[in-house]
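Enquirer: Before anything else, here's the structure in question.
Where a number appears in this text, it was derived from the coordinates with a stated rule and is not lab data. As the structure is a computational prediction, the values presented were derived from the model and not from experiment. Here the Cβ is made from the backbone with ideal geometry for all residues, glycine too, and neighbour counts use every protein chain on show.
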Number of protein chains: 2
Amino acid sequence: MRVLVVEDERRMAAALQRGLQAEGFAVDLAHDGEEGLHAARHGDYDVVVLDIMLPRLSGYNVCKRLRAEENWVPILMLSAKDGEYDMADGLDLGADDYLTKPFSYVVLVARLRALLRRDAGRRPAVLQAGDLSLDPARRRVERDGTAIELTPREFALLEYLLRRRDEVVSKSEILEHVWDTFDTDPNVVEVYVGYLRRKIDVPFGRNALQTVRGAGYRLAGDGG
Amino acid sequence: MRVLVVEDERRMAAALQRGLQAEGFAVDLAHDGEEGLHAARHGDYDVVVLDIMLPRLSGYNVCKRLRAEENWVPILMLSAKDGEYDMADGLDLGADDYLTKPFSYVVLVARLRALLRRDAGRRPAVLQAGDLSLDPARRRVERDGTAIELTPREFALLEYLLRRRDEVVSKSEILEHVWDTFDTDPNVVEVYVGYLRRKIDVPFGRNALQTVRGAGYRLAGDGG
DNA sequence: CAGTCTTCTCAGCGCGCTCTCAGCGACAGA
DNA sequence: TCTGTCGCTGAGAGCGCGCTGAGAAGACTG
């Protein structure tokens, strides 16, 4: 899941980046409003965390412009508690949720996941393919009722493949959305596909995670 | 689909080439503006990815000259984010789209596809000929509801023939667009036409992929 | 600081894809 | 019918893609 964090205060930005990456998100940073607006327009993010007090262009205006352009990416606004804008303003502008600094990190993550879940409405809270299920909020994976332990990277990979189940997903797309790079050695994807198979397919005698040679991978919607 | 990438920075150029080839494009590289201009003039490309900061001749000028020569090949401009030119300049010059570095790889591919689609006057997302269909995005081929597995080369060949369905396409055109060469033995085309027939025609008792002796091949619009 | 877990790199290997080649059949012109 | 050309196809060689085991490096825990 790709997150854009627009925050000018370096320490806060770095902390958010580290924290969210640990949760398995792919995080990009923008340090002022112009940069943030541009990134949000072109970056294909699943959610945007947007500070209000920003150099060059306020978060307030970034949000307004995005909505004016019919860009409906979920936005979570952040503001200092003594700021001149309050929650009502933020939500009026088209933000989807709102947090006041100082906020609890755990609350931030919970709200982000809530946004991702709510987004598009048709996205189910629990992703499924046959008897294989993944719950993004609870970080839980099951096959046939049995819980499966995954590392953060494995989890992010499976989540992305499940969100695009039945589609053929190229290694470069996977690198982009799960690793947040595109010029890395694609072998790392092959390695992690191997790890996943040994956890979600092999023990169950299934074949959900299929190779499409020369094109990428496909997660079978029926669970293999 | 032939893409020209004009980019002086070797690592970026190589990464783009690898990535786009993985997406099924035929990619040529040019490493400075003069070279790029020359290639764009004579290379018969479907789209050009053009960096702005280039040795010898800027992307800015390459674009300007091409348009002055009435060359309307779709151009996607790339610029460093702190560059002296901005989006408005690029679009004013006749570029069709514009991306700022660092950009998302997936967005680049999506924009390229959008340009290609727009260029041909709203190409349908799914190519069809009778009950034979090919979905470039999902990389899926079906006949009569049955999924058909194709190798990358077979897929590229069928895609090209479908885009020019009902037309007689010569072997040299096919070599040019699917193999990205023109001095190879045309026999390889015959071999792959044979492979395709055995997958899309023979099992269904059809004859969509027809030989026009002395001229080339034609994919029948009604699916044979 | 040791021990564990996670991530990622690397090298080797097996197989599927690609392409070449030769032989043969189909076709057109004489 | 004969002949030369064009296209088709089966066989097979080469190699590049994808998979895997080993292990190094780094993060985290006790």
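Enquirer: Once the label point is set 7 Å along the Cα-to-beta-carbon vector, what list of distances in nm do you get between A:Arg138 and its counterparts in the other copies?
Expert: 3.1
Enquirer: Also: Nearest 10 degrees, 0 to 90: what angle lies between the long axis of helix B:187-196 and the longest principal axis of chain B (Cα atoms)?
Expert: 60 degrees
Enquirer: Same structure again: Taking the label point 7 Å from Cα in the Cβ direction, how far apart in nm is B:Thr211 from each other copy of itself, listed shortest first?
Expert: 3.5
Enquirer: Select from B:Asp46, B:Asp135, B:Asp144 the residue whose mean-square fluctuation is largest in a Gaussian network model of chain B (Cα-Cα springs shorter than 10 Å).
Expert: Looking only at B:Asp46, B:Asp135, B:Asp144, the largest GNM fluctuation is found for B:Asp144.
Enquirer: Mind telling me which of B:Gly43, B:Gly205, B:Gly19 comes out most flexible in a GNM of chain B, alpha-carbon contacts under 10 Å?
Expert: Result: B:Gly205 has the largest fluctuation of those listed.
Enquirer: If we restrict to alpha carbons, what Rg and Dmax does chain B come to, in Å?
Expert: Rg, Dmax (Cα atoms, Å): 18.9, 61.
Enquirer: What average number of partner chain Cβ atoms lie no more than 10 Å from the Cβ of the residues making up A:166-174?
Expert: Values: counts 2, 5, 5, 2, 7, 3, 9, 6, 0.
Counting Cβ atoms of other protein chains within 10 Å of each residue's Cβ and averaging gives 4.
Enquirer: Which whole number gives the average count of other chain Cβ atoms within 10 Å of the Cβ atoms across peptide B:143-154?
Expert: Numbers: counts 0, 0, 0, 0, 0, 0, 2, 3, 4, 4, 1, 1.
Partner-chain Cβ atoms within 10 Å, mean over residues of B:143-154: 1.
Enquirer: Against the longest principal axis of chain B, how steep is helix B:152-163, in degrees 0 to 90 to the nearest 10, with axes from Cα atoms?
Expert: On a 0 to 90 degree scale, this one is about 90.
Enquirer: Further question: Tell me the angle of helix B:59-68 to the major Cα principal axis of chain B, expressed in degrees between 0 and 90 and rounded to the nearest ten.
Expert: The angle comes out near 60 degrees.
Enquirer: Next question. Taking B:Ser170 in one copy and the same position in all the others, each labelled 7 Å out along Cα→Cβ, what are the pairwise distances from the first, in nm, shortest first?
Expert: 3.0
Enquirer: Local charge sum around A:Leu57 (other residues, Cβ-Cβ under 12 Å, Lys/Arg +1, Asp/Glu -1)?
Expert: Overall, the nearby charge balance is -2.
Enquirer: Under a GNM of chain B (C-alpha, springs under 10 Å), which listed residue has the highest mean-square fluctuation: B:Val178, B:Val212, B:Val47?
Expert: With Cα springs under 10 Å in chain B, the top fluctuation among B:Val178, B:Val212, B:Val47 is at B:Val212.
Enquirer: Now, a different point. Under the rule that an exposed site lies in a DSSP loop and has at most 14 other Cβ atoms within 10 Å, name the longest stretch of chain A with no chymotrypsin sites (Phe, Trp or Tyr not before Pro) of that kind, not counting the sites themselves. Intermediate results must be reported in sequence, preceding the final value.
Expert: Working: sites that count: A:Trp72, A:Phe103.
Between the exposed loop sites, the longest stretch runs A:104-224.
Enquirer: Which log10 I(q)/I(0) values does region A:105-214 give at q = 0.10, 0.23 Å⁻¹ under the Debye formula, counting every alpha carbon as one identical point scatterer?
Expert: -0.30, -1.44
Enquirer: Let me ask something else. Hey, which of these cross-link pairs are over 29 Å Cα-Cα: A:Lys199/B:Lys101; A:Lys171/A:Lys199; A:Lys101/A:Lys171? Walk me through the numbers before you get to the answer.
Expert: Values: A:Lys199/B:Lys101 38 Å; A:Lys171/A:Lys199 20 Å; A:Lys101/A:Lys171 39 Å.
From A:Lys199/B:Lys101; A:Lys171/A:Lys199; A:Lys101/A:Lys171, over 29 Å: A:Lys199/B:Lys101; A:Lys101/A:Lys171.
Enquirer: While we're on this one: Two decimals, Cα atoms only, Kirkwood Rh: what is Rg/Rh over the protein assembly as shown? Numbers along the way, then the final one.
Expert: Working: Rg = 24.1 Å, Rh = 24.2 Å.
Rg/Rh for the protein assembly as shown comes to 1.00.
Enquirer: How much of the DSSP beta bridge set in the protein assembly as shown is antiparallel, as a percent to the nearest 5? Please report the intermediate quantities before stating the final value.
Expert: Numbers: 32 of 68 bridges.
Restricted to the protein assembly as shown, the bridges split so that about 45 percent are antiparallel.
Enquirer: How well do other chains shield peptide A:180-186, expressed as the mean number of their Cβ atoms within 10 Å of each residue Cβ? Write out the running numbers ahead of the final one.
Expert: On the way: counts 1, 2, 11, 8, 1, 0, 3.
Taking the mean over all residues of the peptide, I get 4.
Enquirer: With the crude spin-label approximation of a point 7 Å out along Cα→Cβ, what separation in nm comes out for B:Ala14 versus B:Lys101?
Expert: For B:Ala14 paired with B:Lys101, the spin-label model returns 1.6 nm.
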